[in-house]
Amino acid sequence: MAEPLSPEAADAYDPNPPESELEAHLPTKRMVVNLGPSHPAMHGTVRMKVELEGETIIRADPEIGFLHRGFQKSCENVTWTQCLPYTDRLNYVSALMNNFGFLSAVEKLIGIDIPERAKYIRVIGSELHRIADHLTCVGAIGLELGGFSAFLYGIEARELIVDRITELTGARLTTSFGRVGGLERDLPEGWVAKVLKTLDKVETLASEVDALLTRNRIFVDRMKGTGVITALDAMDFGFTGPCLRACGINYDVRKAHPYWVYDQLNFDVPIGENGDNFDRYLMRIEEIKQSHRIVRQALQQIPEGPVILNDWRIALPPKSEVYGTIEGVMAHFKLIMEGIHVPAGELYHSTEAANGELGWYLVSDGGGRPYKVHVRPPGFAILSGIARMVEGRMLADLIPTFDTINMIGGEVEQ
Amino acid sequence: MSPPPAKAPPKHQGFVTCTIDGAEVIARPGTNMIEAAKHVGVEIPYYCYHPRLTIAANCRMCLVEVSNSPKLVPACQTPLSEGLAVKTNTPVVKESHRSVMEFLLLNHPVDCAICDQAGECKLQDYYMQHDFRPSRLDDRKLLRNKRKVLGPLVVLDQERCILCTRCVRFMDEVAKEPQLGVFERGSQERIDIFPGSSLDSNYSGNTVDICPVGALLNRDFRFRARAWFLSTSPSICTGCSRGCNTFIDFFGQETYRYRPRENEEINKSWLCDQGRLSYKYLNRDRVLVPTLGRGQDAQETSAAEAANWASQKLKPLANTPELAVLASPVASNEDLIACLSFVKQILGVSRIHAGGRPAGEADHYLMTADKNPNRRGLEWIANGLGLELKPFEDLVSAIEAGSVKALYAIGAELPAHPPGFEASLKRLEVVVVQAINQGMLSAYADLVLPASPHSEDEGSFTNVDGFIQRFRPAYPTRGGSQPHWKWSADLARAAGLAWTASSAREVFREGAKQIPQFASYDWDASAPPAHLRPGGGPLPAAADGRPPGYREWGTPRVRGI
C-alpha cells in the first residue's frame, strides 16, 4: 500500500504529474476532498477538508472564517444600542433571538427589569423564530438527503412566520428589534389574530414535513445511527441545545435558568437518547410543537402595559417630547451621541437560542460604548465536535450530520 | 452665661481636615470645596463657578449638604472648616440638582439641533446626570432676543442664557474691560452690553469658552462645525510671541478653531481674539505643491526635482556673500535648527536675516507686539550655531545695492514691504522659498517649496519669556507640503550630504547639543499629553489612530462640516 499522502502534499497541485501518478492503482491512496466553501451541502461558507480512504472518512477538518466580519471588534466602536444590527447577522435564521439575548445581557449588566409586556413579546418573537429556525433545519435535511418536497413544505411554513416577523419588526431577516429596556414598538394591530392563524397553518405544514420524513425508510436509514456522539463527548465539546438534548442530557436554559416569562409558561423539553442524527432531527420536530404551545400561551396571557422602561437614561423619549421639549431633545441627543451609560462591570448571560446556549460576556467601562463584547455562539462548540461524529464513518454520513448540527456561519464565524 | 466651648485644635496643623462623601480631605485653609472634592474623586456639578473668577454662587447647582448647616449650601462659596462633613449624594442633594435643572431648563429653547454648543454643553451633561425627567411646563416659554450681536466676535442668544454671569465677571476681572452687564431683574433679567457700546475687547472670545451653555457664540465658528465631529490636539498659538497654550480643533485636515489650554505661567485659561482668529492661515492660501519658475511660468514639479534644482543653483554660490538667507521666526525650533544647520554647513553662510510677520500692537494682557511665535528661538539658534542674525532692512538694502544675487528663504513671511522691494526681488538670479502661504515672496520665487505649519508636525516654540513649549501634530501634512526641517534634509541630501535626522524629535536632539538654552530641555517629557482632550467630542480616533473624518485624499468638501 502506498504511503498515505499528507494533507499538505495533497493540497499542492502539480500541473504536470509524473506518468506514474496518472495510473489508477487499486490499493488506494488517501484522498483529501474539499467540501465547500461553496458546496450546496455546506450551509453558509464553511470548508470541510475531508481525508478519505475509499469512502471512509479518516479525518475531517472544518475550516471556518469565510464569513468573519469582526463582530466583536465592531461592537467596541459603537454604542450599546448600535450593536443591535450586528447581532442580527449572528444567527441570521433567527435574528430575534440574538437581538433579545444581547439586550437581556445589557439589561442585566445595567441591573434593570423590563416591563412584563415586553418580556412576553420577546418570548413570542423568540419562539416564532425558533420554529422558523427548526423548520429551516429540518427542511434542509430533507433537501440534502433527496427529499425536496419536505423542504418546500418547511419553507412555505417558514415564509408565513417571516411575514409575521416582518409585520412586527419591519424586516424579513435583519430585524434589529427591541431596545435596551424593552422594545421600541408594540405589537401591530390585529397581529395576534394573524399569528394564531399562521400557527394553525404552520402546524399543518410541519406535520406534513414530519409525515414525509420521520417514517421514510430512506431518510431513516441515512439518519439513524449516523453522526453519533456520546453524552460525555457532547458535554466535553460544549454542546448545548437540541444537539446536547439528543444525547439524553436534560439542559435547556429556559428551564435551568428561566428568563423573561418562561417560568410562567407550560412547555416540555424533549430529550433524546441515541445522540445520532435521527434524534437531533426528532428534537427539532418536537421543539417546533413545544414552541407552538409557548406562543399560544403567551399570546393568551400577555398583559397590557408599556413595552419599554420610562427612564430617559436608558430609553429614548417619545418623539413628541423630543420635538417639543428641551428635556426630551437633550435626552435624545445624549443617548444617540454617547449611548447608554452602562455601569462599569462585567457579566455573562445566556439565553436558549435555536441551536443552544447563546452566551454573552460583556465588559463595560462605564461609557456609552462596550469595552468588550464576546459572544458564545452555540454552533461553534458543536461544529468543533463534527470531526468526532464523522471520523471513521462514510462520507455520505457527513451530509446529514452537518445538517443536523445546523451550523450557522454568521454566528460561528462572527 | 457660660463661654462658648473652646475650639478643638485642627487635626493637621496649618490645614483644614474635613470629609467629603466620607473621604477625608486635608486642604489648605481657603481651598474651594469644589476643587477639594475633585481631589477625592467627587464631582460637584456647577455652572457659575469658575476657578479663575470670583464666586457668584447664583446657579445653585453645587448645593451640598454640610454638617454645620440645616439647609443646603453652595459648595463654591462655603469655606472648608475643621471637622466639616460634606455630603454630595444624599437624596436631598439629588432632588436639589433635579429641581435646579428643571428651573434652568424652564425657559430654555428647544435648540440642541441648531446650537453650536450641543455636544459640549453643560446643560446636556448635567441634565442626563442629574435630572432625566420630562418637562412639566404647560405654558409658553419666555421669548427673548435670539441673535443679539454683542461685538465683532460674539453673538448672544438670550433665550439660552442661564445667567451664571461668568462672562460678566470675566470681562470685569480678567479682561478688565467691563463691557457686559446684567440688565433688568426677575424673569426679565438678561446679559447685555451697555447701551451704545459693543463687546470689542480683545478678550471677548473667552466669554464664549467659559459660557457653560450655548448662549454666547463665536461668530467666526458659528454653524461651521458640530462639536462632536471635531478632534482635538494640544498646540501653541502662533499669533504672537506670547505662546499661549491652545487646543487645535480640527476635522480632516482643516483647523476649525483654537481653544485656550491651561497654562498657569503664560495664559492661565485665556486666549486673545487676535490669536484665536490666527488659525486661518493654516487653511487658506496654502502652498501645496512645489513650483518651479517665476510668475506665469511657474510649473508644478516633484519634491525630488525641486530639491535637486535648489541644490544645483545654491551650491555654486556657497561661501559667497552673494547668497542671502532669510529665516522666519514663524518656524519652529526644530525647523530652524535643521534649516540653519543646513545653510551653515552646506551653503557656508555666516549671516542670516530675520524675516517674519510685521510687528503689530500689544495690549494690556496677553498680546505682544511681535506677531511671531518663535523670535526668541531664532535668536538662540542663530547664536548657538554661530550665525550672525541681521534685521530684514539689511537684506533689503543689500538686494537693492546688488550685492546679493540669490535668496534662500525659510518661511515666506515678510516684516515689511519697502517701496521698490518687488522690483529688486525681480533682479535676483535665484530665489528659493519654503512657504506655508502664498505671498509676495512666493510670487517672485524661482522655486517655491510647500512648507507645513505647526498644526501638521510636532515641534516646539520658544516664547517671548524664554519658555520652550512643545506642540503636537493635529493632522497629517496637507498636499505635498512638508515641514521646513524635512525640506532642509531633502536639500542637504540632494547636495550629497548624508542627513540622518528623520523626525523633528531627532532634529532637536542633534541640534540641542549646540544651543546652550536647549541643552537641558527634555523634549519628550515636555510634550502635552495627547489624550487630554476635554470637550474633544465623543468620537474616538479610529483603531489605526487616524482622526475621525480623515481621508487620504484630503478633506471632503461637505457643506456644513
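All of the numbers you see were taken from the coordinates with simple rules; none came from a lab. Everything numeric in this text was worked out from a predicted model, so none of it was measured. All Cβ positions, glycine included, derive from the backbone under ideal geometry; neighbour counts span all protein chains shown.
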request  = State, to one decimal in nm², a quarter of the convex hull surface area for the C-alpha atoms of chain B, i.e. the direction-averaged projected area.
outcome  = 32.3
ask   = Say a site is exposed when it is one of the GluC sites (Glu not before Pro), sits in a DSSP loop, and has at most 12 other Cβ atoms within 10 Å; what is then the longest site-free stretch of chain A?
value = A:56-188
task = Would you kindly derive the ³J(HN,Hα) couplings of the range B:339-345 from the backbone phi angles with the Karplus curve 6.51 cos²θ - 1.76 cosθ + 1.60 (θ = phi - 60°), listing them in order in whole Hz, with x for Gly and Pro?
result = 5, 6, 4, 4, 5, 6, 6
remark   = When the charge dipole of the range A:71-413 is computed with +1 at the Cβ of Lys and Arg and -1 at the Cβ of Asp and Glu, the Cα pointing farthest to the positive end, of A:Phe380, A:Thr226, A:Val78, is that of A:Val78
task = Name the shape class, rounded, prolate or oblate, that the alpha-carbon gyration tensor gives for the protein assembly as shown, where a ≥ b ≥ c are the square roots of its eigenvalues, rounded holds for a/c under 1.5, and otherwise prolate holds if a/b is larger than b/c and oblate otherwise.
result = oblate
key: Shape of the range B:342-440, Cα gyration tensor, a/c cut at 1.5   = oblate
query = What translational diffusion coefficient, in µm²/s and rounded to a whole number, does the Stokes-Einstein relation yield for the range B:16-89 at 10 °C and a viscosity of 1.306 mPa s, taking the hydrodynamic radius as the Kirkwood radius over Cα pairs?
reply = 132
inquiry  = Report the Cα centroid-to-centroid distance between the range B:256-278 and the range B:493-507 in angstrom, as an integer.
reply    = 34
remark   = With Cα coordinates, the longest principal axis of chain B makes an angle with the long axis of helix B:392-401, in degrees rounded to 10, of 20
task = Determine, from the Cβ-Cβ distance of B:Glu393 and B:Lys148 and an R0 of 56 Å, the FRET efficiency 1/(1 + (r/R0)^6), rounded to the nearest 0.05.
result = 0.75
ask   = Got a sec? Which residues in the range A:296-332 would a label at A:Gln264 touch, if it sits 7 Å along Cα→Cβ and we count backbone N under 19 Å?
value = A:296-310
key: Using a Förster distance of 51 Å, the FRET efficiency for A:Glu63-A:Glu203 (Cβ separation, nearest 0.05)   = 0.85
ask   = Which length gain, in nm to one decimal place, applies between A:Glu159 and A:Tyr348 when the Cα-Cα distance is subtracted from 0.36 nm times their residue separation?
value = 64.7 nm
inquiry  = Given R₀ = 22 Å, what would the calculated FRET efficiency be for B:Glu361 paired with B:Lys176, taking r from the Cβ atoms and rounding to 0.05?
reply    = 0.85
task = Could you tell me how many degrees, from 0 to 90 and to the nearest 10, lie between the Cα long axis of helix A:116-144 and the main elongation axis, the longest principal axis, of the Cα atoms of chain A?
result = 20
request  = Using Cα centres only, tell me the gap between the range A:337-359 and the range B:377-416 in whole Å.
outcome  = 67
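Once you charge only the Cβ atoms, +1 for Lys and Arg and -1 for Asp and Glu, what is the size of the charge dipole of the protein assembly as shown about its Cα centre, to the nearest 20 debye?
With Lys and Arg at +1 and Asp and Glu at -1, about 2780 debye.
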query = Straight-line reach from B:Lys513: which aspartates and glutamates have Cα under 20 Å away, leaving out those fewer than 8 places along the same chain?
reply = B:Glu334, B:Asp335, B:Glu379, B:Glu388, B:Glu458, B:Asp522, B:Asp524
ask   = For labels at B:Glu429 and B:Ser67 in the simple 7 Å Cα→Cβ model, what's the distance in nm?
value = 8.7
query = Can you give the charge dipole size of chain B about its Cα centre, rounded to the nearest 20 debye, using +1 on the beta carbon of Lys and Arg and -1 on the beta carbon of Asp and Glu?
reply = 880
key: Number of Lys pairs (Cα under 17 Å; 8 or more positions apart or on different chains) in the range A:71-413   = 8
query = In chain B, which cysteines lack any other cysteine Cβ under 4.7 Å from their own?
reply = B:Cys18, B:Cys62, B:Cys76, B:Cys112, B:Cys115, B:Cys121, B:Cys161, B:Cys167, B:Cys211, B:Cys240, B:Cys272, B:Cys339
The range B:291-333 and the range B:100-138: distance between their alpha carbon centers, rounded to Å = 57
key: Reachable lysines, given that their alpha-carbon falls under 25 Å from the alpha-carbon of B:Lys7 and they are not under 8 places away in the same chain   = B:Lys71, B:Lys87
ask   = How much length is gained if the chain between A:Lys372 and A:Glu304 is pulled fully straight, taking 0.36 nm per residue apart and subtracting their Cα-Cα distance, in nm to one decimal?
value = 20.9 nm
query = Roughly what would the spin-label model give for B:Lys7 and A:Thr214, points 7 Å off Cα along C-beta, in nm?
reply = 9.0
request  = Work out the length of the dipole vector of the range A:257-378 about its Cα centre, built from +1 on the beta-carbon of each Lys and Arg and -1 on the beta-carbon of each Asp and Glu, and round it to the nearest 20 debye.
outcome  = 360
query = Hey, rough spin-label estimate for B:Arg98 and B:Thr320, points 7 angstrom out along Cα→Cβ, what's it come to in nanometres?
reply = 8.6
request  = Enumerate by residue number the chymotrypsin sites (Phe, Trp or Tyr not before Pro) in the range B:1-94 meeting two conditions: DSSP loop (anything except H, G, I, E, B), and at most 16 other Cβ atoms within 10 Å of the site's Cβ.
outcome  = B:Phe15
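So what's the back-of-envelope 222 nm ellipticity for chain B, counting only DSSP H runs of four-plus at -39500 (n - 2.57) apiece and dividing by all residues, rounded to 500? Each step should come with its number before you reach the end.
Details: 14 runs with 122 residues, N = 561.
So the calculated ellipticity at 222 nm is -6000 deg cm²/dmol.
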remark   = With no solvent term and unit scatterers on the alpha-carbon positions of chain A, Debye gives log₁₀ I(q)/I(0) at q = 0.13 Å⁻¹ of -1.09
message = Can you tally the net charge around B:Asn145? Count Lys and Arg as +1, Asp and Glu as -1, for every other residue whose Cβ sits under 9 Å from the Cβ of B:Asn145.
response = +2
ask   = Among the lysines, which have Cα under 20 Å from the Cα of B:Lys390 when same-chain residues fewer than 8 positions away are ignored?
value = B:Lys344, B:Lys371, B:Lys405
query = Rounded, prolate or oblate: which one fits the range B:230-333, using the alpha carbon gyration tensor with axes a ≥ b ≥ c (rounded when a/c is under 1.5, else prolate when a/b beats b/c, else oblate)?
reply = prolate
